[in-house]
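Q: One structure, pasted below without further comment.
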Amino acid sequence: MSGHPGGILAAYQHVDSAAEAIRRLKSQGYNDLIVYTPVPNAEIAQAVGHKTSSVRLWTLFGGLLGCASGFALTLWMSYDWPLVVGGKPVGSTVPYVVIAFELMILFGAGATILGLLFNSWRTRQRGAYDGRFSDDQIGIFVPCPVERRPAVEEMLRSSGAVEVRVET
Amino acid sequence: MATVVEPEQQKAAQPTYHEITRDIVATLGRPSRAYFMLLAFVLVVLAVGVFALLWQVRWGLGVAGYTPPVLWGVYITTFVFWVGIAHSGTLISAILYLFRSAWRTSVYRTAEVMTVFAVLTAGLFPLIHVGRIWYAYWLFPYPNQRQLWVNFKSPLLWDVFAVSTYLTVSTLFLIVGLVPDVAAVREKATGWRRKLYEITSLGWRGTDQQWRHYVRAYLYLAALATPLVLSVHSVVSWDFAMAIVPGWHATIFAPYFVAGAIYSGVAMVVTLLVPLRKVFKVERYITVDHFENLAKLLLLTGMIVAYAYVVEYFMAWYSGNPFERDSFFNRAFGDYWWATWTMITCNGLLPFLLFFRKIRRSIPALFVLSLFVNLGMWFERFVIIVVSLSHEYNPYAMGHYTPSWVEWSILAGSFAWFFLWFLLFAKNFPMVSITEVKEIIPMPRRGRRES
């Protein structure tokens with residue numbers, strides 16, 4: 001058992017050929033294809049047409065939570081164990097800005113990582129893979145039923161794929 | 001900042017994606033005899049440091065050279081030194097990333113690794129300094145039977161939060177950057193290394209969805225790391241500036257320390273890169289142009305540091321404060337004049353040589369200069385901390401501090417600790433970013449010469 005749905009796996013050497021193939025596949029309704037690239041590429045991302053990742057919201061909420069936690073932690077602990085120095089406030093917000101700032105960064109970064117892991121897991125794609133796609137080639141995996149495979153194979157070849165193979 | 005290279009010349013020199021993977025994966029092969037010898041030397045020095053630390057743990061802080069009023073000595077000096085070293089890593093990996101500076105791609109991994117291990121080293125010193133290291137957890141707020149909390153108004157506690165945040169965030173940033181590279185290495189590796197890379201690549205395949213989230217996450221991590229790096233050494237400087245010791249109590253401290261930190265960090269990057277590119281044979285990726293750009297960074301930050309030195313003396317004179325004036329006179333002509341003049345020569349004068357293009361583009365000259373800057377920056381912290389404390393207000397309370405063999409051994413051990421991690425990392429993970437080096441080379445297009 002391969003653990004992924006059957007389909008066609010194609011390898012490309014040229015980014016514009018791969019982008020063209022993606023556009024053609026999408027226009028024919030193959031929306032669940034997987035594109036592998038060794039580096040992030042704007043042309044491919046545009047052809048695939050994803051919305052901006054929601055990781056940014058994780059960063060925002062993590063940062064806000066960290067900042068609020070920093071002030072809450074310092075103020076609560078100051079009043080819970082008061083260090084009374086004549087004429088000075090027990091809970092003094094100005095020095096606590098430093099703690100709140102550091103926790104904002106810490107929680108923001110932590111939330112970004114969690115957001116990255118969660119979103120990558122939520123949008124995980126199961127399909128055939130080849131080690132060359134992390135080296136120098138672009139891969140496209142098109143899950144499709146057996147009867148459509150010859151047409152997809154032909155289309156991928158005609159768009160400049162250097163290798164096309166059927167994955168069962 | 002980036003050096004202009006003619007497009008045709010650039011294209012001819014550009015490696016292909018496959019060559020990049022091949023060349024960088026080749027650096028991870030079986031270590032040479034020289035590597036093991038270096039590792040053995042580092043372990044011996046580390047053993048000396050550990051012995052000295054255990055000696056101090058057994059007999060107490062009395063074995064350090066502390067003499068009232070100097071109760072902050074080599075340990076705090078070395079703490080500030082290593083935190084400073086850490087700074088250029090984030091500058092190169094995060095700040096230059098946000099500026100879309102293409103030259104950083106070949107050198108940023110080394111700088112980032114240096115950052116993580118330098119903070120890891122720095123973090124040991126406050127613990128060594130307080131003596132009873134087994135109570136280190138008292139630094140953090142935790143529920144306890146005495147029902148008390150830490151004092152958040154103390155800059156020393158700000159430091160705990162700043163340094164631990166810095167270590168965490170810079171480690172996360174390093175790991176995130178490594179994941180696609182480890183996946184590329186995974187495909188070429190065999191045996192136990194393949195197992196290692198399969199686990200540490202976290203299932204990375206470079207799918208469109210993975211890149212979509214990754215690119216955003218990396219951008220935001222860089223955006224968070226940028227203010228963090230500026231805050232950390234500012235907070236470290238406030239350990240001193242918040243106290244009313246002459247020579248410490250100045251508003252210039254935060255920018256002065258941040259510039260000094262980046263300066264020392266860039267110098268350490270040069271110190272590490274020169275042997276690394278030779279040993280790993282990555283001269284094709286880390287070129288003289290990269291060194292020239294690093295030299296320009298050294299020149300810029302060196303001039304800021306030199307300016308800060310001049311302004312410090314100006315402020316001492318202009319303030320009209322006799323204690324401040326006396327403190328600075330003592331720095332230049334007192335017992336520790338040699339430390340002050342070492343600092344001024346190494347950090348304030350030598351970097352002006354970098355105005356000469358020939359020196360900026362000479363790798364041996366840069367290497368020697370970087371060693372001087374490392375030395376000078378350690379002495380800068382020594383002068384600020386020890387010399388200021390030894391000469392405060394009351395002449396009857398002034399004193400002289402000489403570090404003991406225990407402190408020197410622990411200082412040497414800290415270098416060994418740093419290099420141990422660095423060496424282990426360098427042979428197991430790519431020290432030049434495969435993904436980012438590829439990223440600056442356009443992907444081949446149909447109709448053009450295949451790369």
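The values are calculated or read from the model by the stated rules, or taken from the named source; none is laboratory data. Everything quoted here is computed from the prediction, not taken from an experiment. Heads up, the Cβs are rebuilt from the backbone with ideal geometry, glycines too, and the neighbour counts pull from every protein chain shown.
Q: Just for the range B:23-43: of the residues that are without any contact (Cβ under 8 Å) to a residue 60 or more places away in the chain and assigned to a helix (DSSP H, G or I), which one is farthest from B:Arg186 (Cα to Cα)?
A: Ranking the qualifying residues of the range B:23-43, first place goes to B:Phe41.
Q: Consider the range B:373-416. How many of its residues are touching a residue at least 60 places away in the same chain (Cβ under 8 Å) and not in a helix (DSSP H, G or I)?
A: Of the residues in that region, 10 qualify.
Q: Shifting gears a bit: Based on this model, can you work out whether B:Asp181 counts as under 30 Å from B:Trp72 (Cβ atoms), of a type in the set (D, E, K, R), touching a residue at least 60 places away in the same chain (Cβ under 8 Å) and within 12 Å of chain A (Cβ to nearest Cβ)?
A: no
Q: Give the residue, chosen from A:Thr74, A:Thr37, that is of a type in the set (Val, Ile, Thr) and within 24 Å of B:Ser433 (Cβ to Cβ).
A: A:Thr37
Q: Taking the condition within 12 Å of chain B (Cβ to nearest Cβ), exposed (fewer than 15 other Cβ atoms within 10 Å of the Cβ), under 28 Å from B:Arg186 (Cα atoms) and not aromatic (Phe, Trp, Tyr), does A:Arg122 pass?
A: yes
Q: Shifting gears a bit: Are any of the residues in the range A:104-113 over 18 Å from B:Val176 (Cβ atoms) and either modelled with pLDDT of 90 or more or facing chain B (nearest Cβ under 8 Å) (or both)?
A: The answer is yes, given that some residue of the range A:104-113 is over 18 Å from B:Val176 (Cβ atoms) and either modelled with pLDDT of 90 or more or facing chain B (nearest Cβ under 8 Å) (or both).
Q: Out of all the residues in the range B:139-162, which are more than 11 Å from chain A (Cβ to nearest Cβ) and free of Cβ contacts under 8 Å to residues at least 12 places away in the same chain?
A: Listed by number, the list holds a single entry, B:Gln145.
Q: Could you list, in sequence order, the residues of the range A:18-43 that are in a helix (DSSP H, G or I) and surrounded by fewer than 21 Cβ atoms within 10 Å (Cβ to Cβ)?
A: A:Glu20, A:Arg23, A:Arg24, A:Lys26, A:Ser27, A:Ala42, A:Glu43
Q: Kindly indicate whether B:Arg381 is basic (Lys, Arg) and more than 20 Å from the chain's Cα centre (by Cα).
A: Here the answer is no, as B:Arg381 does not meet what is asked.
Q: Go through (1) touching a Pro at 6+ places or on another chain (Cβ under 6 Å); (2) surrounded by fewer than 19 Cβ atoms within 10 Å (Cβ to Cβ); (3) small (Gly, Ala, Ser); (4) within 13 Å of B:Ala267 (Cα to Cα) and name the single condition B:Gly399 misses.
A: (4)
Q: Of the residues B:Thr165, B:Thr115, which is surrounded by 17 or more Cβ atoms within 10 Å (Cβ to Cβ), within 11 Å of another protein chain (Cβ to nearest Cβ), in contact (Cβ under 8 Å) with a residue 60 or more places away in the chain and hydroxyl-bearing (Ser, Thr, Tyr)?
A: It is B:Thr165.
Q: Among the residues of the range B:214-248 satisfying the criterion of being in contact (Cβ under 8 Å) with a residue 24 or more places away in the chain, aromatic (Phe, Trp, Tyr) and more than 30 Å from B:Phe328 (Cα to Cα), which is nearest to the other protein chains (Cβ to nearest Cβ)?
A: B:Tyr214
Q: Mind checking which helices (runs of 4 or more DSSP H) fall wholly inside the range B:259-364 and carry at least 3 residues that are crowded, with 16+ Cβ neighbours inside 10 Å?
A: B:288-319, B:322-333, B:337-343
Q: Give the residue, chosen from B:Phe379, B:Phe422, that is crowded, with 17+ Cβ neighbours inside 10 Å, of a type in the set (Phe, Trp, Tyr) and under 30 Å from B:Val182 (Cβ atoms).
A: B:Phe422
Q: When B:Gly60 is evaluated against the numbered criteria (1) among the small types (Gly, Ala, Ser); (2) surrounded by fewer than 17 Cβ atoms within 10 Å (Cβ to Cβ); (3) within 18 Å of the chain's Cα centre (by Cα), which criterion, by number, is the only one it fails?
A: With (1) among the small types (Gly, Ala, Ser); (2) surrounded by fewer than 17 Cβ atoms within 10 Å (Cβ to Cβ); (3) within 18 Å of the chain's Cα centre (by Cα) applied to B:Gly60, the lone miss is (3).
Q: How many residues does the range A:135-168 contain that are surrounded by fewer than 18 Cβ atoms within 10 Å (Cβ to Cβ), small (Gly, Ala, Ser) and closer than 28 Å to B:Glu436 by Cα?
A: Residues flagged as surrounded by fewer than 18 Cβ atoms within 10 Å (Cβ to Cβ), small (Gly, Ala, Ser) and closer than 28 Å to B:Glu436 by Cα within the range A:135-168 amount to 1.
Q: Additional query: Assess whether B:Val437 counts as being over 28 Å from B:Pro246 (Cα atoms), part of a loop (DSSP other than H, G, I, E, B), in contact with a Phe, Trp or Tyr (Cβ under 7 Å, 6 or more places away or on another chain) and not hydroxyl-bearing (Ser, Thr, Tyr).
A: So B:Val437 does not fit the description; no.
Q: Within the range B:68-88, is there a residue that is within 12 Å of the chain's Cα centre (by Cα), surrounded by 15 or more Cβ atoms within 10 Å (Cβ to Cβ) and over 29 Å from B:Ile244 (Cβ atoms)?
A: yes
Q: Here's something else I'd like to know. (1) exposed (fewer than 12 other Cβ atoms within 10 Å of the Cβ); (2) more than 30 Å from the chain's Cα centre (by Cα): which one isn't true of A:Gly91, the others all being true?
A: Status for A:Gly91: all satisfied but (1).
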